[in-house]
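Asker: Dropping the structure in here first, questions after.
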Amino acid sequence: MAGRFVGGVLLGAGLLVITLAGGAGGYGIGQLTEPRAQSTESAAPLGPSAEVTPTEPLNVAVKDPTPALKKSELRYKEREFVAKKTVRSQVTVEVPKDWHLTLSADPQDQARFTDPTGRRFVRVQAGFTIERPPAASMAERIGQLDGTPYRQDLRIVSERVAEDKRSATLIYTYVPDPEKVLRYVVVRWVALDGSGNCAVEIAVSGLNQDKEAIPAVLERAADSVTRSDSSL
């Protein structure tokens, strides 16, 4: 079960445009407004687009010595923040209790909770208007990921839409510049009210050795998240 919408008025939908220069899993800018076709199929692992003519070598991933995140050792705490873009969203979500909070600046539409090592984070986005289903939001993100530089070796691991259509989950990996440590990213778009449209975007990013724990962090966040809207 996903989280819930608490009060307020749902006005339409928005989706973060990733900042490719800063890595496919970090803060982004802008808002996508034109919906793409929905996807409900799982995807086998894919390499860089066959349509791209390589002009530079792929980044070769180097091993990060950070010990793997262990889900059995995680302890959670409810955190609260305000996201502002087209509406003011009061958001609560459960994340690992020792992960520190930072807010995006302009717009202030998302919060990032970073672990003490600085190697993993949870990003939660709200404050956008809500008008399209999670599957459409995921399709938009996949389209944006097509623009990732070839050298970063972005690979879609899977894309899934829940049977009830109230959530969509994308998993991908990439090797960012300049550190060239493979990143494992899981993103989920979640509906919180009866409309079935996406109200919150949650992303969890970590290292390749964290891929057993990252889904647990995502599930806890998605199951606990709430959003309450008011006018700016």
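Asker: Going by the conditions given, is Ser158 surrounded by 20 or more Cβ atoms within 10 Å (Cβ to Cβ), modelled with pLDDT of 95 or more and of a type in the set (Ser, Thr, Tyr)? Steps first, answer last, please.
Answerer: Numbers: surrounded by 20 or more Cβ atoms within 10 Å (Cβ to Cβ): no; modelled with pLDDT of 95 or more: yes; of a type in the set (Ser, Thr, Tyr): yes.
Against the criterion (surrounded by 20 or more Cβ atoms within 10 Å (Cβ to Cβ), modelled with pLDDT of 95 or more and of a type in the set (Ser, Thr, Tyr)), Ser158 does not qualify.
Asker: Still on this structure, I have one more. Any idea which of (1) more than 25 Å from Ser89 (Cα to Cα); (2) modelled with pLDDT under 95; (3) not small (Gly, Ala, Ser) is the one Leu232 doesn't satisfy?
Answerer: (1)
Asker: Would you point out which residue out of Arg188, Arg227, Arg220 is among the charged types (D, E, K, R) and either assigned to a helix (DSSP H, G or I) or modelled with pLDDT under 95 (or both)?
Answerer: Arg220
Asker: State whether the residues of the range 204-215 include one that is crowded, with 20+ Cβ neighbours inside 10 Å and in a loop (DSSP other than H, G, I, E, B).
Answerer: Keep residues of the range 204-215 that are crowded, with 20+ Cβ neighbours inside 10 Å, which gives 204-207, 210, 213-214.
Filter once more, keeping what is in a loop (DSSP other than H, G, I, E, B): 213.
The answer is yes, given that some residue of the range 204-215 is crowded, with 20+ Cβ neighbours inside 10 Å and in a loop (DSSP other than H, G, I, E, B).
Asker: Give me a count of the residues in the range 102-119 that are surrounded by fewer than 17 Cβ atoms within 10 Å (Cβ to Cβ) and among the acidic types (Asp, Glu).
Answerer: 1
Asker: Of everything in the range 82-132, what is part of a strand (DSSP E or B) and more than 17 Å from the chain's Cα centre (by Cα)? Give them in sequence order. Even if it seems obvious, please write down each step before you answer.
Answerer: Just the residues of the range 82-132 that are part of a strand (DSSP E or B), to begin with: 82-84, 88-96, 100-103, 110-114, 121-125.
Within the range 82-132, Val82, Lys84, Arg88, Ser89, Gln90, His100 meet the criteria.
Asker: Turning to a different aspect of this structure: Would you pick out the residues in the range 87-101 that are surrounded by fewer than 19 Cβ atoms within 10 Å (Cβ to Cβ) and under 21 Å from Leu232 (Cα atoms)? Give the derivation first.
Answerer: Here is the first cut: in the range 87-101, the ones surrounded by fewer than 19 Cβ atoms within 10 Å (Cβ to Cβ) are 88, 90, 92, 94, 97-98, 100-101.
Answer for the range 87-101, where residues must be surrounded by fewer than 19 Cβ atoms within 10 Å (Cβ to Cβ) and under 21 Å from Leu232 (Cα atoms): Arg88, Gln90, Thr92.
Asker: Every residue in the range 61-81 that is touching a strand residue (DSSP E or B) at 6+ places or on another chain (Cβ under 8 Å) and either outside any strand (DSSP E or B) or more than 17 Å from Val225 (Cα to Cα) (or both), please. It would help to see each step written out before you state the result.
Answerer: To start, the set of residues in the range 61-81 that are touching a strand residue (DSSP E or B) at 6+ places or on another chain (Cβ under 8 Å) comprises 64, 66, 68-69, 74-81.
Result: Asp64, Thr66, Ala68, Leu69, Leu74, Arg75.
Asker: Please go through the range 78-100 and give me each residue that is of a type in the set (D, E, K, R) and either farther than 16 Å from Ala222 by Cβ or touching a helix residue (DSSP H, G or I) at 6+ places or on another chain (Cβ under 9 Å) (or both), ordered by number. Full working, then the answer.
Answerer: First pass over the range 78-100, keeping only residues of a type in the set (D, E, K, R): 78-80, 84-85, 88, 94, 97-98.
Across the range 78-100, the qualifying residues are Glu78, Glu80, Lys84, Lys85, Arg88, Glu94, Lys97, Asp98.
Asker: Then there is this: If we keep just the residues of the range 155-181 that are aliphatic (A, V, I, L, M) and in contact with a helix residue (DSSP H, G or I) (Cβ under 6 Å, 6 or more places away or on another chain), which is farthest from Ala135 (Cα to Cα)? Explain how you work it out, then say what you get.
Answerer: Of all residues in the range 155-181, those aliphatic (A, V, I, L, M) come to 156-157, 161-162, 168, 170-171, 175, 181.
Checking which are in contact with a helix residue (DSSP H, G or I) (Cβ under 6 Å, 6 or more places away or on another chain) leaves us with 161, 168, 170, 175.
Values: Val161: 6, Ala168: 5, Leu170: 10, Val175: 26 Å.
It comes out as Val175.
Asker: Output the qualifying pairs, or none if there are none: Cβ atoms under 6 angstrom, residues six or more apart or on different chains, first residue in the range 137-157 and part of a helix (DSSP H, G or I), second residue among the hydroxyl-bearing types (Ser, Thr, Tyr) and modelled with pLDDT of 95 or more.
Answerer: Hits for this filter: Gln152/Tyr174.
Asker: OK, next. List every residue pair whose Cβ atoms lie under 8 Å apart, where the two residues are 6 or more positions apart in sequence or sit on different chains, the first residue falls within the range 63-74 and is within 12 Å of Val217 (Cβ to Cβ), and the second residue, located anywhere, is crowded, with 16+ Cβ neighbours inside 10 Å and polar (S, T, N, Q).
Answerer: Leu69/Gln209
The values are calculated or read from the model by the stated rules, or taken from the named source; none is laboratory data. Just so it is clear, the structure is predicted and the values come from calculations on it, not from any experiment. Reconstructed Cβ throughout: ideal geometry from the backbone, glycine too, with neighbour counts over all protein chains shown.
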